[in-house]
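First up is the structure itself, then whatever we jot down about it.
The values are calculated or read from the model by the stated rules, or taken from the named source; none is laboratory data. Quick caveat: nothing in here was measured; it's all calculated off a predicted structure. A quick note on method: Cβ atoms are made from the backbone with ideal geometry, for glycine too, and the neighbour counts reach across all protein chains shown. Remember, those area values only see protein heavy atoms, side chains included, never the ligands or the DNA or RNA. Shrake-Rupley method; radii C 1.70, N 1.55, O 1.52, S 1.80 Å.
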Amino acid sequence: MTFPKEMQVVEIAAPGGPEQLRPSMRPLPRPGAGEVLVRVVAAGVNRPDVMQRQGRYPPPAGASDLPGMEIAGEIVELGPDVSGLALGDQITSLLPGGGYAAYAIAAAPLCMHLPAGISMVEAAAIPETYMTVWTNLFERGGCKAGDTVLIHGGTSGIGTTAIQLAAAWGARVFATAGTPEKVRACERLGAERGIDYRTEDFVAVIRAATGGYGIDVTLDMVAGSYVQRNLEIAALEGRVVTISMLGGSRAEINMSTVLLKRLTLTGSTLRPRTVAQKAAVADAMRRNVWPLLAVGRARPVIYRTFPLAQASEAHRLMESSSHIGKIVLTI
Ligand SMILES: NC(=O)c1ccc[n+]([C@@H]2O[C@H](COP(=O)([O-])OP(=O)(O)OC[C@H]3O[C@@H](n4cnc5c(N)ncnc54)[C@H](OP(=O)(O)O)[C@@H]3O)[C@@H](O)[C@H]2O)c1
């Protein structure tokens, strides 16, 4: 197969606003050992891309400086030492960066064949959010059938995924969001009760709805003023998993709440993990999540697509927080 020497990309010209995302041309990358070259059809947009553009979330050492942590497309070249994948395979993959491009390098163990009935646009919206939800809500948070679960940011890409997976698992789901329309969207996705955090107190709502029992697992992307309230509404032996700090990284908490209720506070980020650690999450996805996607019990919620060259518009939309679900770039 012959490849063009150069490819269309969107790069970060300088740390700053959405206007710093600029269409450009770059040499085609070549796959190394254990890697494949993917012709990208669609690339998911994630809030960490916005933080990277602002200069607040640098890519890990050795990763592409281009934004983009998830893609779907077709394998067009295999590097040495790749097994289980073939030219022409349609895959979706988690990347450490480099997704805002017509071609991208993916680690072979992180390439997941498209689930049945899932389009390229939907597939591009899966790796970053689903793997983050899997490893945090289920692996760290131990979410299981019958648990009460609280998802903050219920209509974010992460939130829409977490609500669906927790509900599919048989959990009772509560979710917070910032408008009545978003609250209704949380409930359509499987939340028993969406909570408008601008007009309602999630601690009081959940206490009443659970007869005082509280929450077994909380997935929190807000932190700040939410931290102590997460502890207050936690059930005995509850787990609170923090994945971001949109509301601030510092909080004052009452440790007696942690001791008396035997709580676990934890958190993690996916991006700095090794390929082997991410591959373990990808394996768990193939076993546990792919069957749900194949029968439609979970499905990425696509809010809007933009052509790659309009990535700055996609970031403006994400920063407006008016979206429900995922924003995807198409190439
Ligand atoms: N730890 C990890 O490995 C990992 C991986 C991926 C993403 N993340 C994090 O998870 C979060 C969600 O990512 P995403 O791509 O799903 O984002 P997203 O779709 O842009 O959603 C973020 C949502 O959070 C809500 N929100 C609540 N408090 C907010 C605040 N103080 N400022 C801004 N938004 C606030 C907003 O909805 P409302 O209108 O309801 O407020 C907003 O729509 C991000 O913070 C991201 O950095 C973590």
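Straight-line reach from residue 182: taking Cα to Cα under 28 Å and skipping same-chain neighbours fewer than 8 places apart, the lysines in range are 144, 326.
In terms of the Cα gyration tensor, with a ≥ b ≥ c the square roots of its eigenvalues, is the range 154-235 rounded because a/c is under 1.5, prolate because a/b exceeds b/c, or oblate? It is rounded, given that a/c, with a ≥ b ≥ c, falls under 1.5. 3J(HN,Hα) couplings calculated from phi for the range 179-189 with the Karplus curve 6.51 cos²θ - 1.76 cosθ + 1.60 (θ = phi - 60°) are, in sequence order, 9, x, 4, 5, 4, 5, 4, 4, 6, 4, 7 Hz; Gly and Pro show x. Only protein heavy atoms count here; on that basis, with a 1.4 Å probe, residue 49 has an accessible area of about 0 Å².
Magnitude of the charge dipole for the range 1-92, about its Cα centre and with charges confined to Cβ atoms of Lys, Arg (+1) and Asp, Glu (-1), is about 300 debye. Spatial offset of the range 199-247 relative to the range 58-82 amounts to 36 Å, using the alpha carbon center of each. The distance between label points at residue 237 and residue 3 comes to 5.1 nm (points 7 Å beyond Cα on the Cα→Cβ vector).
Here is how the number arises for the chain: DSSP H runs of 4 or more residues each give -39500 (n - 2.57), the sum is divided by the residue count, and the result at 222 nm is -7500 deg cm²/dmol. For residue 5, the aspartates and glutamates whose Cα comes closer than 16 Å to its Cα, not counting residues fewer than 8 places off in the same chain, are 77. Each residue of the range 82-88 was assigned a 3J(HN,Hα) from its phi angle through the Karplus expression (A = 6.51, B = -1.76, C = 1.60, θ = phi - 60°), giving 10, 10, x, 10, 9, 4, x Hz with x at Gly and Pro.
What the phi angles of the range 314-321 give under the Karplus curve with 6.51, -1.76 and 1.60, with θ = phi - 60°, is a coupling list of 4, 5, 4, 4, 4, 6, 6, 6 Hz, glycine and proline written as x. When nucleic acids and ligands are ignored and a 1.4 Å probe is applied, residue 326 ends up with an accessible area of around 10 Å². Amide H to amide H distances under 5 Å link residue 77 with 37, where only residues 5 or more positions off or on other chains count and H is placed in the peptide plane. Taking amide hydrogens as placed 1.01 Å from N in the peptide plane, the amide H of residue 306 sits under 5 Å from those of 328, 329, 330, each at least 5 positions away in sequence or on another chain.
Would you please classify the overall shape of the range 124-163 from the alpha carbon gyration tensor, given that a ≥ b ≥ c denote the square roots of the eigenvalues, rounded means a/c under 1.5, and beyond that prolate means a/b larger than b/c while oblate covers the rest?
Details: a/c = 2.43, a/b = 1.38, b/c = 1.76.
Oblate is the answer for the range 124-163, as a/c is 1.5 or above yet b/c matches or exceeds a/b.
Counting only heavy atoms of the protein chains, get the accessible area per residue of the range 24-140 (1.4 Å probe) and round it to a whole Å² value. Before the final figure, lay out each step's value.
Working: 3800 Å² over 117 residues.
That works out to 32 Å² per residue.
Between 50, 96, 71, the Cα set farthest toward the positive side of the dipole of the range 1-109 (charges on each charged residue's Cβ, about the Cα centre) is that of 50. For residue 41, the residues 5 or more places off, or on other chains, whose built amide H falls under 5 Å of its own are 72, 73, 74.
When a 1.4 Å probe is rolled over the protein heavy atoms, the share of accessible surface on the range 174-252 that falls to carbon and sulfur comes to 49 percent.
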